[in-house]
Structure formats: C-alpha cells, structure tokens
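Engineer: This is the structure, below, for whatever I ask next.
The values are calculated or read from the model by the stated rules, or taken from the named source; none is laboratory data. For clarity, every value in this text was computed on a predicted model and none was experimentally measured. Cβ placement follows ideal geometry from the backbone for every residue including glycine, while neighbour counts extend to all protein chains displayed. Quick note on the areas: whole protein, heavy atoms, side chains included, nothing else; ligands and nucleic acids left out. Shrake-Rupley method; radii C 1.70, N 1.55, O 1.52, S 1.80 Å.
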Amino acid sequence: MKYNGYAYIYTIGCQMNVYDSEKLALILNSYGFKKTNDMDKADIVVCNTCSIRHKAEEKAFSFLGRFAKIKKKNPHLITVMAGCVAQQEGEKAFERIPHLDIVLGTQAFSRFGQHIDAIKSGVQRVVDTKDCQMIYEAMPDASCFDENKISGFVTIMQGCDNYCTYCVVPYVRGRERSRKPESIMEEISLLATSGVKEITLLGQNVNSYGQKEAQMSFPELLARINKIDGIHRIRFATSHPKDLSINLIYAIRDLDKVCNHLHLPVQSGSNKILKKMNRGYTREEYIDRILTLKKECPNIALSTDIIVGFPSETDNDFNDTMNLLREIEFDSIFAFAYSDRSSAPAAKFSDQIDEKEKRERLNNLLQLQEQYTEKKNKELIGETFKVLVEGKSIKKRGGFEQTHKNMEQMTGRTESNKIVHFPSEHVNIGDIIKIKIKNAYRHSLWGHPVGV
Ligand code: 5AD
Ligand code: SF4
C-alpha cells in the first residue's frame with residue numbers, strides 16, 4: 001500500500017495537549033507524514049484526547065467513532081487515540097472503537113513511530129500505556145514547522161503529585177517529573193531562532209519545578225530564560241496556590257520579560273470544600289497570597305479556575321465562592337461544573353450535586369464574573385500598553401468600521417493577556433507596538449497605535 005504521506009491531528013483539551021500534538025506532528029514528519037488540515041487527504045488520523053471532564057472524553061469517542069464508515073472505504077487509513085483517554089482506557093478503547101489501530105498513552109509518545117511501522121507491516125492493534133521517565137527528552141526538538149509562529153509552548157514538567165480529589169491528572173499523566181534545565185533552554189533558544197517571541201512554560205504545577213530532582217527552582221529557571229535573546233515575553237501555567245513562593249512573586253516583579261499576569265486556580269471559596277478537594281490551603285491563605293502579590297506587583301492581572309457543584313457543596317459553600325470573586329475581582333475566570341471521574345476519589349464521595357443545580361450555580365458564577373471582567377477592562381481606558389501583534393482581527397467592530405473604513409484591523413495581546421483590536425497601517429505579525437486604549441468590552445479592548 002502506498003501512502004500519500006499526510007497526517008491529520010485533532011487536539012482536544014489543554015495547552016499541554018497542543019504542545020504534545022506538535023511533538024506528535026514532528027514524529028509523524030520524521031516517518032514521512034506531513035500535517036494536513038484536510039481530513040479527507042489523510043492516511044493517518046490522530047485524536048489527542050483529554051479526560052479532565054466527561055464532555056471532553058465523549059468528544060474524543062465521537063470524533064474517532066466517525067471513522068468506522070470511512071475505514072470500510074479506506075482500510076489502510078491508520079486511526080490513533082493518543083493522550084489522556086488512551087492512557088486511561090488502554091485495551092478498553094477497542095470496545096467502543098473497534099476500528100482503532102493505535103492506543104497511545106501519555107508516556108508512549110516517543111514510541112509512536114515504531115507503532116506506525118508495526119501497523120503498516122500488518123499488525124492489527126497496538127496498545128501502549130507503558131511508562132517512560134521523561135517523554136520530551138526522547139522526542140524531536142522544538143516545533144519550527146510554522147514559520148509565522150510568534151508564540152510557542154514549552155512543557156517543562158510532566159505529571160502531578162497533588163492528588164486533588166476531583167482530578168484524573170495524577171492517574172493519566174503519572175508522577176511529577178521535571179525536565180532538565182539545559183534541555184528546556186535549548187528548546188526555547190531554537191524557538192527564538194525560528195522567530196518565536198513569546199513562550200508559555202507548561203506544567204500541572206510549575207511552581208514546584210525542579211524540587212523533587214533538587215535541581216534549579218522555578219524562579220531560577222525564569223531568570224535563565226529571561227536572558228534568551230529573541231524571546232520578549234514569558235508566560236507560565238499552571239501555578240498551585242500552596243507552592244506560590246515569595247521568590248516567584250519577586251521574579252514576576254523583577255524579570256522584565258515575565259508577564260504581569262498570574263493564573264492561580266482557587267477552585268472554591270469554601271474552606272470545607274477546599275479541604276475535601278485536598279487543595280492544601282485555606283480561603284484565607286489564598287487571599288493572603290493574592291494580597292502579597294498585588295502589593296509587590298501592582299496592576300498584575302489575575303485569573304483563576306473554579307469548580308462548582310463539588311460533592312456536598314451547599315448554597316453557603318457556593319456563596320463563599322461568589323463572595324471570593326467579589327473580594328478578589330479577578331480579571332477573568334475559567335469555571336466548570338464538577339464532572340465525576342471514576343478514577344478520582346471524589347467519584348465515591350456522598351452528596352453528589354444534581355446536574356441542574358450545578359448548571360444554575362455555574363451560570364450565576366459566570367454572570368457575576370462578567371461584571372468584574374468588564375469593570376477591569378474599562379479601568380484600562382486611556383492607558384497605553386505594549387501589544388504583541390498576533391494577526392488580523394477576525395471580527396470587525398461596528399465603531400471601527402465607521403471610523404477607519406480603509407484600514408486593516410489587527411489584533412494582539414497585552415502583557416496582562418488582554419486581547420486588543422486596533423486599526424493598522426503597517427504593522428507585522430510579531431511586532432510589539434504601543435496602543436492607547438480607547439474602548440473596552442467584556443472580552444477585548446480597542447485602541448489606537450501610538451508608536452513602535
Ligand atoms: N470536574 C470539573 N472540573 C475539573 N477540573 C479538573 N478536574 C475537574 C473535574 N473533575 C478543572 C479544574 C482545573 C482545570 C484545568 O479543570 O478547575 O484547574
Ligand atoms: Fe489535578 Fe490538582 Fe494536580 Fe492540578 S494540582 S493537575 S487539579 S491533581
């Protein structure tokens with residue numbers, strides 16, 4: 001059988017999965033498959049899956065399910081389930097997707113190529129959910145495919161040891177392991193050479209980077225990356241409140257390339273629920289850390305994750321979360337209805353909350369936050385910010401149409417991660433320009449360039 005040499009990759013889930021998919025694309029490339037956006041052209045289809053919530057898992061099964069018919073017409077098509085659902089399901093994945101060829105767990109990526117060869121040579125099904133110490137060191141370096149890429153992800157650690165009771169991550173991504181600083185630095189330097197200006201360092205809990213291995217700490221790593229020529233902005237996610245050290249706060253304050261933004265998932269405002277979640281901090285400790293952060297880094301933008309409807313969450317507990325939003329005034333939040341994951345301990349907790357109640361709480365929370373998101377954005381009107389230009393705006397605003405009919409509308413982000421639209425005459429993707437904010441909406445800002 002002759003293959004056309006095209007691979008289609010469908011990614012579900014977090015930024016880490018986006019990064020992992022880039023690595024898979026590099027492996028596929030070295031095995032003769034170029035990435036395509038046209039699914040019909042592909043000889044190999046990979047779904048990089050997420051199991052954090054039920055909905056994400058279902059999305060993976062429904063995407064891969066559609067290939068039953070297609071494979072009847074084209075039996076040589078190779079279908080792959082990769083990532084968290086693959087790790088969790090193993091052999092069981094074939095019960096729902098009998099036509100699947102490869103089940104590639106989270107730590108099996110470096111062995112992907114040999115599994116493709118096996119399928120090509122007639123092997124029927126391959127399941128690999130075995131462990132590997134550090135997957136990224138064994139894979140091709142930096143994704144320099146996309147020449148126009150100005151922003152890149154770099155995973156600096158894998159797995160998690162925190163065992164929050166709702167979370168599948170420790171079970172599907174294994175124990176926490178940090179990459180070697182030299183290998184991270186090398187990868188970032190390569191990205192910088194290929195034109196990347198902004199990098200986001202990824203890990204389930206970047207604050208504890210290097211602790212287990214007794215190597216460089218996270219603030220020290222930031223200081224080293226801050227010196228890499230060509231990189232202008234450094235972001236990172238996710239931070240755990242219990243490990244947010246004063247040295248990290250100083251690093252955000254003092255290192256010029258580290259963005260003035262922190263994503264610090266709180267999950268709940270109720271001490272009872274935080275304890276049941278095994279988060280390792282109280283509401284008061286969280287607020288205390290935020291106050292220190294605001295004192296050292298004035299104007300820092302804050303975002304968080306929240307779960308509503310965790311087992312046994314009462315109206316009072318939920319109100320504690322609502323009040324926390326009022327007290328802290330986050331710039332933005334990611335909020336989720338608690339989703340039962342059978343491998344996580346909370347699945348066995350009593351007093352599960354009714355789905356309808358969870359939806360109502362989620363809506364109330366999001367509605368409340370919208371006020372603060374808008375308020376925080378409105379406070380920026382009249383100020384000038386450096387914006388990293390990302391591309392043309394997709395959606396045109398009415399006001400813009402009327403006042404700048406003949407100009408292109410571009411989009412970019414501030415250091416605090418706010419989206420800014422602006423009319424432009426001659427800016428290029430990747431430029432950093434100053435924009436004076438003229439108007440603010442719920443999800444974006446609008447302004448005028450005032451110089452490069
Ligand atoms: N149900 C709902 N949300 C969850 N998250 C993690 N596990 C679950 C779950 N079982 C959320 C947390 C985490 C974010 C990435 O996903 O808020 O910070
Ligand atoms: Fe999951 Fe908690 Fe680890 Fe985050 S810190 S990945 S929520 S176990």
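Engineer: When the chain is fully extended, how far beyond the present Cα-Cα distance does Lys227 get from Arg326, taking 0.36 nm per residue of separation?
Structural biologist: On the way: separation 99, 0.36 × 99 = 35.64 nm, distance 3.82 nm.
Result: 31.8 nm gained on full extension.
Engineer: List, in the order given, every pair from Lys197/Lys378; Lys55/Lys356; Lys23/Lys149 whose Cα-Cα distance in the structure shown is over 18 Å. The partial results should precede the final answer.
Structural biologist: Values: Lys197/Lys378 28 Å; Lys55/Lys356 16 Å; Lys23/Lys149 15 Å.
Distance filter (> 18 Å) returns Lys197/Lys378.
Engineer: Mark the label point 7 Å from the Cα of His54 along Cα→Cβ and return the residues of segment 73-91 whose backbone N is within less than 18 Å of it.
Structural biologist: Within reach of a label on His54, which here means backbone N under 18 Å from a point 7 Å along Cα→Cβ, segment 73-91 contributes 85, 89.
Engineer: Subtracting the Cα-Cα distance from 0.36 nm times the residue separation, let me have the gained length for Thr292 to Asp117 in nm, one decimal. Walk me through the intermediate numbers first.
Structural biologist: Working: separation 175, 0.36 × 175 = 63.00 nm, distance 5.43 nm.
In short, 57.6 nm is gained.
Engineer: Which value, to two decimals, describes the C-alpha radius of gyration of the chain once divided by 2.2 N^0.38 Å? Let's see the in-between values first.
Structural biologist: Working: Rg = 22.8 Å, N = 452, 2.2 N^0.38 = 22.5 Å.
Its radius of gyration relative to the 2.2 N^0.38 Å reference: 1.02.
Engineer: Let me check against my output: what whole-number percent is the relative contact order of the chain, with C-alpha pairs under 8 Å and at least 6 apart? Working shown, then result.
Structural biologist: Values: 871 pairs, mean separation 42.7, N = 452.
Computed value for the chain: 9 percent relative contact order.
Engineer: To the nearest 500 deg cm²/dmol, what mean residue ellipticity at 222 nm is calculated for the chain from DSSP H runs of n ≥ 4 alone, each contributing -39,500 (n - 2.57), summed and divided by the residues? All intermediate terms of the calculation are to be shown ahead of the outcome.
Structural biologist: On the way: 15 runs with 152 residues, N = 452.
My calculation for the chain gives -10000 deg cm²/dmol from helical runs alone.
Engineer: Moving on. Can you compute 3J(HN,Hα) from phi for each residue in segment 78-88, using the Karplus curve 6.51 cos²θ - 1.76 cosθ + 1.60 with θ = phi - 60°, rounded to whole Hz and x for Gly and Pro?
Structural biologist: Taking θ as phi minus 60°, the curve returns 9, 10, 10, 9, 10, x, 4, 5, 4, 4, 6 Hz for segment 78-88.
Engineer: Using 7 Å Cα-to-Cβ label points, what is the Asn319/Lys212 separation (nm, one decimal)?
Structural biologist: 4.2 nm
Engineer: Could you tell me what percent of the accessible area of the chain is made up of carbon and sulfur, with a 1.4 Å probe and every protein chain present? Could the numbers behind the result be given before it?
Structural biologist: On the way: 9810 of 20470 Å².
About 48 percent, which is the carbon plus sulfur part of the accessible surface.
Engineer: Pairs of Cα atoms under 8 Å, at least six residues apart: use those to get the relative contact order of segment 5-128, whole percent.
Structural biologist: Numbers: 205 pairs, mean separation 28.2, N = 124.
It rounds to 23 percent for segment 5-128.
Engineer: Here's another thing I want to ask about it. Could you calculate the FRET efficiency of Arg175 with Lys242 from 1/(1 + (r/R0)^6), where r is the beta carbon distance between them and R0 is 25 Å, rounded to 0.05? Provide the component values of the computation, followed by the final result.
Structural biologist: Values: r = 18 Å, r/R0 = 0.70.
Efficiency at R0 = 25 Å is approximately 0.90.
Engineer: Give the peptides 309-317, 171-179, 45-53 in descending order of average Cβ contacts within 10 Å, highest first. Present the calculation step by step, with values, prior to reporting the outcome.
Structural biologist: Numbers: 309-317: 17.6, 171-179: 20.3, 45-53: 24.2.
Highest mean packing first, the order is 45-53, 171-179, 309-317.
Engineer: Let me ask something else. Rounded to the nearest Å, what's the spacing between the alpha carbon centres of segment 1-29 and segment 191-225? Just the number, please.
Structural biologist: 24 Å
Engineer: Gain in length, Gln371 to Leu255, computed as 0.36 nm per residue apart minus the alpha-carbon separation, to one decimal in nm?
Structural biologist: Here the segment from Gln371 to Leu255 would lengthen by 38.6 nm.
Engineer: Report D for segment 5-128 in µm² per second (integer): Stokes-Einstein, Kirkwood Rh on Cα pairs, 20 °C, 1.002 mPa s. Spell out each step's value before the answer.
Structural biologist: On the way: Rh = 14.1 Å.
Calculated translational D: 152 µm²/s.
Engineer: Let me ask you something else. Kindly report the accessible area of segment 142-378 per residue (heavy atoms of protein chains, probe 1.4 Å, no ligands, DNA or RNA), in Å². Could you put the intermediate results ahead of the total?
Structural biologist: Values: 9740 Å² over 237 residues.
Roughly 41 Å² per residue, with all protein chains present.
Engineer: Here's a follow-up. State, to one decimal in nm, how far the label point of Glu284 lies from the label point of Arg442, with both points 7 Å from Cα in the Cβ direction.
Structural biologist: Simple spin-label model gives 3.6 nm for this pair.
Engineer: Run through the DSSP bridge list for the chain and note the antiparallel percent, rounded to the nearest 5.
Structural biologist: Numbers: 23 of 65 bridges.
Antiparallel bridges: around 35 percent, rounded to the nearest 5.
Engineer: Let me check against my output: what whole-number percent is the relative contact order of segment 142-378, with C-alpha pairs under 8 Å and at least 6 apart?
Structural biologist: On the way: 404 pairs, mean separation 40.9, N = 237.
Result for segment 142-378 is 17 percent.
Engineer: Something else: Label points 7 Å out from Cα along the Cβ direction at Ser194 and Glu220: separation in nm?
Structural biologist: So the two model labels end up 2.9 nm from each other.
Engineer: What is the magnitude of the charge dipole of the chain about its Cα centre, with +1 placed on the Cβ of each Lys and Arg, -1 on the Cβ of each Asp and Glu, and no other charges, expressed in debye to the nearest 20?
Structural biologist: Values: 64 positive and 58 negative charges, 178 e Å.
Taking the Cα centre of the chain as origin, the dipole is about 860 debye.
Engineer: Further, regarding this structure: So if I average 1/r over every pair of distinct C-alpha atoms in segment 195-251 and take the inverse, what Kirkwood radius in Å does that give?
Structural biologist: Details: mean 1/r = 0.0841 Å⁻¹.
11.9 Å is the Kirkwood radius here.
Engineer: Starting from the Cα of Ala68, move 7 Å in the Cα-to-Cβ direction to define the label point; list residues of segment 23-52 whose amide nitrogen is under 13 Å from there.
Structural biologist: none
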